[in-house]
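Structure first, then comments.
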Amino acid sequence: MKRMQRLAVFGLLVGAALGAWAQAESAAPAAKVLRYSFRIAETGFDPAQISDLYSRTIAANIFEAPLQFEFLARPFRYRANTLAELPKVSPDFKTFTFRVKPNIHFADDPAFNGKKRELVAADYVYSWKRHYDPRWKSQNLYILENAKILGLSELRQELMAAKKPFDYDREVEGLRVIDKYTFELKTAEPNPRLLLNFTDGSAFGAVAREVVEAYGDRIMEHPVGTGPFRLAQWRRASQIVLERNPGYRDEYYDEEAPPDDPLAQAAVAANRGKKLPLVDRVEIAIVEENQPRWLAFLRGDHDILWEVPAEYADIAMPNNQLAPHLKKRDITMVRYSRADVSFSYFNMEDPVVGGYTPEKVALRRAISLAVDLDKEIRLVRKSQAIPSQGPIAPETWGYDPDLKTEMSDFDRPRAKALLDLFGYVDRDGDGWREQPNGSPLRLEYSTQPDQQSRQLNELWRKNMDAIGIRIEFKTAKWPENLKQSTAGKLMMWGLGWSAVAPDGDTFLALGYGGNKGQANKARFDLPAFNKAYLAQKVLPNGPERQVAMDEAQRLMVAYMPAKLHVHRVWTDLAQPWVIGYHRNGFVREFWKWVDVDVEMQRRMAQ
C-alpha cells in the first residue's frame, strides 16, 4: 500500500514537472528560422580555398573581414567592421595600417581547449598569408599578388623552389604585426582601391591558426570565425544549417536608407536598434532544378527565393512588375542589376580553340558571331539580362553604358566568311568543317545537368550547326567542372563572374596573364592586355584610368578568349513574414540584417 502511495506521489511530481516544463516551453519565444535555397552545391567553407559564389555566401556569414559595405547605403560605401576605425592610408597608397577592435572573439571550438579566443592582429596576418601557401591552392591569391605586397610572393617562390612548407612565422616587410591589435600592409606600387578587397569575409576573413592546425586537410568542414553565425549542420550538396553565434559581440541594426528607396526605409523603420543577427538559424537547401525551387517558395517552404528562375519570370513578374497573384499574398519583390558577367571561355592553351595566331583568333570570333544573344536573352533568360559589350559590368567603376562592340553582334554570314577565309572548310563533304590542317574540328563544351544549362546547350548546338561546326557537351556537377577548369583541362565552359566591390578591375582580372588558373580560367596571356591591366590598377579613378580600362576591354573583344554573353538582372522574392529584405550586390553576409515574423510564418504556412 505504501509502495503504491509513493508511486502515486512520484507520478504527481513528474506530472507537475512535465507540466511546468511544457508551460515554460510554450512561454519561450519560438526560434526565428530563415529558410533559403541555393541552386548549385557548395564546395566547402575555408576562405583560403573556396572561390564559388555559394560556398562564399556561407563563409561570409561565418568569417569577418576588417571592413564591410553598408547594407543599404547608395552610393555604395564601406565602414570599419572588426576594426576600431578605418585603416590609415599613406599619401602614396602604399602603406595601410589596420587596428583591430578589442574584445571580439571567435566562436567557441574544441581547438581553443575551452578558452575564449580573442581576435588579434596576428589572425589577419596569418589568414592572408594562407593564400600564399601552395598547400591550400588559393583561387584568390591573384588579388594579393597583383597588389604586390612586399616580400610575400618572394617568400612563396623561395620555399616552393626549396620544396619546403610555407613559413608563417617568417616576418616579411609587406605584412606584419605591429602590436597585439595593429598590423601593417605595404605594397611595391600604389594601390588606391586595395581596401575594397578587404570587405569580403569569404576570402579575407580572420581564421584562427589553432583551428587550421587542429583540423588540417578537413578545415573545409570546420569553419570557425568571429561572425554572426556558425555552422551547425552540413549534409554535402543537400543542406547547410547556420545558427546564431552565441559569442557574437553586441552589434545593432543601424543602417541608413536612401531617401528614394521606400523598401529600404521600411527595413530601417522595422529593424533599427535590434541586436544582430536578427534570426536564430538559417537553413539552406540545395535545390538544383528550378521547378522545385519555385514550387517550394510558392508553398511557403522557403522564405526567400534568391533569383527567380528565368523560366518563371513571366509568371512571377510579367513586364517586370510583381504578378497580381503574388501581390495579393503581400510578397516582396527586389529587382537589381547584378555586377556580374555570364560568359563562355575558350581555353587559350587548347590545341583546337586556343592560340594567338590569326586563324585561331578568327575561329573564336566566328563562334562568337554565330551566337544568337537576342534569342538567348528572350527564350532562356526571359529578358532578365542585357547583352555584354565587354567584361566590365554595371554597378562598377569603369562600366560604360554607351559602349558598343562586336561582342554582342549576331552575324552568321560574317562568321561563315571568317571560317572560309582562314581555312575552316568542309573538305570531305560530310557537312562539317575541318581545321585548316584537315584534322577534325570538334568543340567540347563543359556543362551542368540543370534545366537552364540544358536550354543554353540546345542554343549552342543550333548556333554551331548553322555554321557547320560540331559541338559536344560534357556534363558534370558544377564543383567537378570548377576543379577541372582550374587545372586547365576544359576546352570550353560557361560560368558567371561577380564583383565583390563596385570596381571593374575584377572583370579585367579574368584576362590578366598573372591570374591563369585562378580568375583567368581561359588562361589568356597577352602582353598588351597585361600592360593595360597593370596600368589601370595603379591609377586613381579618373579619365586616365578609364582609357587604360577601355584598352584592356578592346583587346579582350579583339582576341576573344571568352564569349561574353550577358550581364544579368536578378529578381528576388520574399514572403510577407520576412522583415527588412533588400539586396546589396556587394554584401554576401546580409542574413544578419533580415528578420522573420514567426507567428505570421506559422499562420500563413498552415
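Keeping to segment 407-426, report how many residues are within 19 Å of VAL353 (Cα to Cα) and open to solvent by 30 Å² or more (accessible area, probe 1.4 Å). So that I can check it myself, show each step before the final result.
Of the residues in segment 407-426, the ones within 19 Å of VAL353 (Cα to Cα) are 407, 412, 414-426.
If we keep only those that are open to solvent by 30 Å² or more (accessible area, probe 1.4 Å) as well, we get 412, 414, 416-418, 420-422, 425-426.
Residues in segment 407-426 being within 19 Å of VAL353 (Cα to Cα) and open to solvent by 30 Å² or more (accessible area, probe 1.4 Å): 10 in total.
Only a single criterion out of (1) open to solvent by less than 10 Å² (accessible area, probe 1.4 Å); (2) under 19 Å from ASP217 (Cβ atoms); (3) of a type in the set (Phe, Trp, Tyr) is not satisfied by TYR126, namely (1). Take the residues in segment 429-453 that are of a type in the set (D, E, K, R) and at pLDDT 95 or above, then tell me which one is surrounded by the fewest Cβ atoms within 10 Å (Cβ to Cβ). Top of the filtered list is ASP430. Scanning segment 579-604 for residues that are open to solvent by 10 Å² or more (accessible area, probe 1.4 Å), out of contact with any helix residue (DSSP H, G or I) (no Cβ under 8 Å at 6 or more places or on another chain) and of a type outside the set (D, E, K, R) yields GLY585, VAL598, MET600, GLN601, MET604. Of the set (1) open to solvent by less than 50 Å² (accessible area, probe 1.4 Å); (2) out of contact with any strand residue (DSSP E or B) (no Cβ under 7 Å at 6 or more places or on another chain); (3) in a helix (DSSP H, G or I), all apply to ARG218 but (1). If we keep just the residues of segment 106-123 that are within 26 Å of the chain's Cα centre (by Cα) and not in a helix (DSSP H, G or I), which is surrounded by the most Cβ atoms within 10 Å (Cβ to Cβ)? Result: PHE106. Applying the criterion of being closer than 11 Å to LEU443 by Cβ and not in a loop (DSSP other than H, G, I, E, B) to the residues of segment 341-363, the residue that is nearest to the chain's Cα centre (by Cα) is SER344.
Residue pairs whose Cβ atoms lie under 7 Å apart, sitting 6 or more positions apart in sequence or on different chains, and linking a residue in segment 534-561 that is at positive phi and modelled with pLDDT of 95 or more to a partner that is part of a helix (DSSP H, G or I) and not charged (D, E, K, R), are MET560/VAL361; MET560/SER368.
Here is a yes/no grid of residues against (1) touching a residue at least 40 places away in the same chain (Cβ under 8 Å); (2) in contact with a helix residue (DSSP H, G or I) (Cβ under 8 Å, 6 or more places away or on another chain); (3) among the β-branched types (Val, Ile, Thr):
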| residue | (1), (2), (3) |
| --- | --- |
| SER90 | no, no, no |
| GLU118 | no, no, no |
| VAL125 | yes, no, yes |
| PRO134 | no, yes, no |
| ILE143 | yes, yes, yes |
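Which of the residues spanning segment 423-440 are in contact with a Leu (Cβ under 8 Å, 6 or more places away or on another chain), in contact (Cβ under 8 Å) with a residue 24 or more places away in the chain and closer than 11 Å to ARG470 by Cα? Selection gives TRP432, ARG433.
Table: residues versus (1) within 25 Å of ILE579 (Cβ to Cβ); (2) at pLDDT 90 or above.
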| position | (1), (2) |
| --- | --- |
| MET1 | no, no |
| VAL33 | yes, yes |
| SER37 | yes, yes |
| ALA41 | no, yes |
| ALA48 | no, yes |
| PHE63 | no, yes |
| PHE76 | yes, yes |
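Of all residues in segment 242-256, those that are assigned to a strand (DSSP E or B) have Cβ atoms under 7 Å from Cβ atoms of residues that are surrounded by 13 or more Cβ atoms within 10 Å (Cβ to Cβ) and β-branched (Val, Ile, Thr), 6 or more apart or on another chain, in LEU242/VAL282. Close Cβ contacts (under 8 Å, 6 or more residues apart or on different chains) running from residues in segment 311-334 that are over 16 Å from VAL380 (Cα atoms) to residues that are open to solvent by 50 Å² or more (accessible area, probe 1.4 Å) and assigned to a helix (DSSP H, G or I) comprise ALA323/ILE315; THR332/LEU263; VAL334/LEU263. Taking the criterion of being in contact with a Leu (Cβ under 7 Å, 6 or more places away or on another chain) and more than 20 Å from PRO561 (Cα to Cα), the residues of segment 468-512 that qualify are ALA501, ASP503. Of the numbered criteria (1) at pLDDT 95 or above; (2) out of contact with any Gly (no Cβ under 8 Å at 6 or more places or on another chain), the one LEU456 fails is (2).
Run down SER138, SER202 and say which single residue is among the polar types (S, T, N, Q), in a helix (DSSP H, G or I), more than 26 Å from SER90 (Cβ to Cβ) and open to solvent by less than 70 Å² (accessible area, probe 1.4 Å).
Working: SER138 fails: in a helix (DSSP H, G or I).
Only one candidate qualifies: SER202.
Please count how many residues of segment 197-215 are of a type outside the set (Val, Ile, Thr) and touching a strand residue (DSSP E or B) at 6+ places or on another chain (Cβ under 6 Å). Qualifying residue count for the region: 1.
Anything in segment 344-358 that is over 11 Å from TYR559 (Cα atoms) and surrounded by fewer than 22 Cβ atoms within 10 Å (Cβ to Cβ)? List them, or say none. If the condition is that a residue be over 11 Å from TYR559 (Cα atoms) and surrounded by fewer than 22 Cβ atoms within 10 Å (Cβ to Cβ), then SER344, GLU349, ASP350, PRO351, VAL352 are the ones that fit. Just one of the numbered conditions (1) under 26 Å from LEU194 (Cα atoms); (2) crowded, with 17+ Cβ neighbours inside 10 Å; (3) not aromatic (Phe, Trp, Tyr) is not true of PRO540: (2). Any residue at all in segment 261-271 that's over 25 Å from PRO110 (Cβ atoms), touching a residue at least 40 places away in the same chain (Cβ under 8 Å), of a type in the set (Val, Ile, Thr) and outside any strand (DSSP E or B)? Yes, because at least one residue in segment 261-271 is over 25 Å from PRO110 (Cβ atoms), touching a residue at least 40 places away in the same chain (Cβ under 8 Å), of a type in the set (Val, Ile, Thr) and outside any strand (DSSP E or B).
Do we find that PRO391 is touching a residue at least 24 places away in the same chain (Cβ under 8 Å) and either open to solvent by 50 Å² or more (accessible area, probe 1.4 Å) or aliphatic (A, V, I, L, M) (or both) in this structure?
Values: touching a residue at least 24 places away in the same chain (Cβ under 8 Å): yes; either open to solvent by 50 Å² or more (accessible area, probe 1.4 Å) or aliphatic (A, V, I, L, M) (or both): no.
For PRO391, the condition - touching a residue at least 24 places away in the same chain (Cβ under 8 Å) and either open to solvent by 50 Å² or more (accessible area, probe 1.4 Å) or aliphatic (A, V, I, L, M) (or both) - is not met.
Could you tell me whether any residue of segment 71-93 is of a type in the set (Phe, Trp, Tyr), in contact with a Ser or Thr (Cβ under 7 Å, 6 or more places away or on another chain) and either open to solvent by less than 20 Å² (accessible area, probe 1.4 Å) or closer than 18 Å to LEU195 by Cβ (or both)? It would help to see each step written out before you state the result.
At the first step, the residues of segment 71-93 found to be of a type in the set (Phe, Trp, Tyr) are 71, 76, 78, 93.
With the extra rule that they be in contact with a Ser or Thr (Cβ under 7 Å, 6 or more places away or on another chain), the set shrinks to 78.
From the residues that got through so far, the ones that are either open to solvent by less than 20 Å² (accessible area, probe 1.4 Å) or closer than 18 Å to LEU195 by Cβ (or both) too are 78.
Looking through segment 71-93, at least one residue is of a type in the set (Phe, Trp, Tyr), in contact with a Ser or Thr (Cβ under 7 Å, 6 or more places away or on another chain) and either open to solvent by less than 20 Å² (accessible area, probe 1.4 Å) or closer than 18 Å to LEU195 by Cβ (or both).
Taking the stated definitions as given, is ALA574 out of contact with any Lys or Arg (no Cβ under 8 Å at 6 or more places or on another chain), open to solvent by less than 10 Å² (accessible area, probe 1.4 Å) and not hydroxyl-bearing (Ser, Thr, Tyr)? So that I can check it myself, show each step before the final result.
Values: out of contact with any Lys or Arg (no Cβ under 8 Å at 6 or more places or on another chain): yes; open to solvent by less than 10 Å² (accessible area, probe 1.4 Å): yes; not hydroxyl-bearing (Ser, Thr, Tyr): yes.
In short, yes.
Evaluating THR57 against the criteria (1) polar (S, T, N, Q); (2) in a loop (DSSP other than H, G, I, E, B); (3) more than 26 Å from ALA188 (Cα to Cα) leaves one unmet condition, (2).
For segment 480-521, taking the residues that are out of contact with any helix residue (DSSP H, G or I) (no Cβ under 7 Å at 6 or more places or on another chain), among the small types (Gly, Ala, Ser) and assigned to a loop (DSSP other than H, G, I, E, B), the one that is surrounded by the most Cβ atoms within 10 Å (Cβ to Cβ) is identified as GLY488.
ARG176 - would you say it is touching a Leu at 6+ places or on another chain (Cβ under 9 Å), in a strand (DSSP E or B) and without any contact (Cβ under 8 Å) to a residue 60 or more places away in the chain? Yes.
The values are calculated or read from the model by the stated rules, or taken from the named source; none is laboratory data. This is a predicted model, so every value here is computed, not measured. Using ideal geometry, Cβ is built from the backbone for each residue, glycine included, and neighbour counts are taken over all protein chains shown. Side chains included, ligands, DNA and RNA excluded: accessible areas come from the protein's heavy atoms. Shrake-Rupley method; radii C 1.70, N 1.55, O 1.52, S 1.80 Å.
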